[in-house]
1. Given Cβ point charges of +1 (Lys, Arg) and -1 (Asp, Glu) and nothing else, what value in debye, to the nearest 20, does the dipole of region 264-397 about its Cα centre take?
2. Full-extension gain between A493 and R343, please, as 0.36 nm times their residue separation minus the C-alpha to C-alpha distance.
3. Name the GluC sites (Glu not before Pro) in region 253-322 that are in a loop by DSSP and that have at most 16 other C-beta atoms within 10 Å, would you?
4. Between S622 and E640, what is the label-to-label distance in nm when each label sits 7 Å out along the Cα-to-Cβ direction?
5. If you keep only loop residues by DSSP, which trypsin sites (Lys or Arg not before Pro) in region 89-149 have at most 14 other Cβ atoms within 10 Å of their Cβ?
6. Could you tell me which of F444, F465, M476 has its Cα farthest along the dipole of region 432-479 towards the positive end, charges placed at Cβ (Lys, Arg +1; Asp, Glu -1), taken about the Cα centre?
7. Taking every pair of alpha-carbon atoms in region 443-581, give the share separated by more than 26 Å as a whole percent.
8. Just how many % of Cα pairs in region 503-550 lie over 13 Å apart, if you round to the nearest whole percent?
Amino acid sequence: MKLIYTDSLVVGAGLAGLRVAIASKERGLDTLVLSLIPAKRSHSAAAQGGMQASLGNTVKGMGDSEDVHFQDTVKGSDWGCDQQVARMFAHCAPKAVRELANWGVPWTRVTAGPRQVVVNAEKVTLEEAAEAHGLINARDFGGTKKWRTCYTADGTGHSLLYAVDNKAISMDIPVHERVEALKLIHDGSRCHGVIARCLITGELRAYIARATTIATGGYGRIYEVSTNAVICEGIGQALALETGVATLGNMEAVQFHPTAIVPVGILTTEGCRGDGGLLRDKDGYRFMPDYEPEKKELASRDVVSRRMTEHMRKGKGVDSPYGPHLWLDITLLGRKHVETNLREVKEICENFLGIDPAEEWIPVRPTQHYSMGGIRTNHTGESPQLKGLFSVGEAACWDMHGFNRLGGNSLAETVVGGMIIGKYVADFCEQEELVLDTALVQRFRDELNQEIDELLAREQGESPFELKRLMQRVMMDYVGIFRNGPELEKAVAELKDLLARSRNIVVTCKKRHANPELVEALRVRRMLKVALTVACGALARTESRGAHAREDYPQRNDKDWLSRTLSSWPDADALEPVLSYEALDVMQMELPPGYRGYGADNAIAHPDTAKREQEIAAILASLGPDASAEDKQRALMPFELPESLRPGNERLSDRLAYPQTSTPSQPNPAGDDNA
């Protein structure tokens, strides 16, 4: 058995994983990253539109702050998020953007003077301040009060991933590519690393570490059509689930993006609508103002996806061999804008649809896009049940998104969460000893080896490809944008049957090395468990909240359901997870539950909401009229951060009020856009 030791082990080489690895390496810790693919091919590269950070450089972003970003994030989550985590995130996002500028990200910058934009289908001229010239620009995104989505044209994820991976390379952080973690090594209370399989040689290796961080992304590929890369199959979540100890949080919270192209499901960024693009039906009619008069195409993603589906159900979709769709119209933006700021969208349309989006409308419909659920962690990114197990990014339920994520907050979470949690991972590694129990390691290695032996020895049984296809069809048909009891019951029953059948999988290729069929067989039974946490959680939650929309329970029910779903799988032979719930304490919230601003205000109130609102009013009154925003925030809901991340963020409005007399000799991540 091959044993490999390190201080900080990171599973996943996307933005979140690399940022944690960098934080560990900065502290002098031995750091190692495992990845299915080369780091620069990670799914982070697919993010197009941008990342949110309240820099407030543009005229449409003036007045933005951590407070406004926090409020948008909480409302976007439909009050399902951890508000302390949302505060940590909003506070550190400007620091992360400026740090990335220091690392070489070529952010699109503000040009002083007049510029023409499209707002509500009309061309408008904005006048950018001379003092803003050269600072990081921002575009509009759904569900936000200010323009705060920082971007590099429409290739933001690509730019960030290359810069962060290059930073990791410069620090000599090793990435073991073509390696798949399939089991966590643990003793029931502490995680000690992973058992991983080399996809090329088939060799099983034990990676032993002080801290193990899961950063494997989402679980979109349990659905038939998804904007996710084919590697986003939920295996990281399954690793934690199969410990029988660690829990997954809010797995039923699955986001559908409004504008994936038909039929292949590739994303066209929210930046299309943020820059002024419109949604049209089969008659060419712009329908979103009829449903959401205020935000229109830039309502929160879950809302836009539901409105589009409702409109197609009314017969207003465009008929096609692949089912009805609607149109995304970016022709009004003009060719120069499309070829400058939406270049990836143009290439996708040319290569996969054979159209020029500067001249023709794009066929789109809502498609599975993001997983708000994941490995449940506390604010430091650590599993509450399994010491030494951390998770970050889309793999985690750090829970800054609750039941719906705002556009631009996921790319931001990868680097902001990685920045924050990376420091806590490093703290843990410095405080805890490396524990090596060879008998324990051998036990988990033998379990995985036996699973592989049985798959290769079996001569008759189920096809892993067919089981996966059936699972994806079930999820697409019954656990989609709109959900109801009978369909969810059918989904759970069919998934349980598929899980039982997966115990009799056969592979026709008997090789141990470089065997894609064996890879699929090992993954599909784990994917089925993840799918069951989604379906069971959705069936049990008899309310509608964020992206979880029950047609038979259309109201948000704070009275009974202001809680986080926790899924565990303590019995390895069971056919469904064990569900429990973690209540959200209204009396600790800075922003008590309220009206999101979409549709009817029909939420069933929590009994503590009015009490907390009165308490907040009394606290603010006691501080007096001269209290600063920071004093008010600390009085309402203190939050923790590593010391180096606590300083405030400088904005253009601060520079205008207090001009600098000299230039700092060193770049300042809290306030320097131009490093």
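1. 400 debye
2. Additional length available on full extension: 49.6 nm.
3. For GluC sites (Glu not before Pro) across region 253-322 that sit outside H, G, I, E and B with at most 16 neighbouring Cβ atoms in 10 Å, the list reads E294.
4. 2.4 nm
5. Qualifying residues, ordered by number: K145.
6. It is M476, whose Cα lies furthest towards the positive end.
7. Counting pairs separated by more than 26 Å, the tail of P(r) holds 33 percent.
8. 66 percent
Bear in mind these aren't lab numbers, they're just calculated from the coordinates by the rules spelled out. This one's a predicted model, so the numbers in the text were calculated from it and none came from an experiment. Glycine gets a Cβ as well: all are built from the backbone with ideal geometry, and neighbour counts include every protein chain shown.
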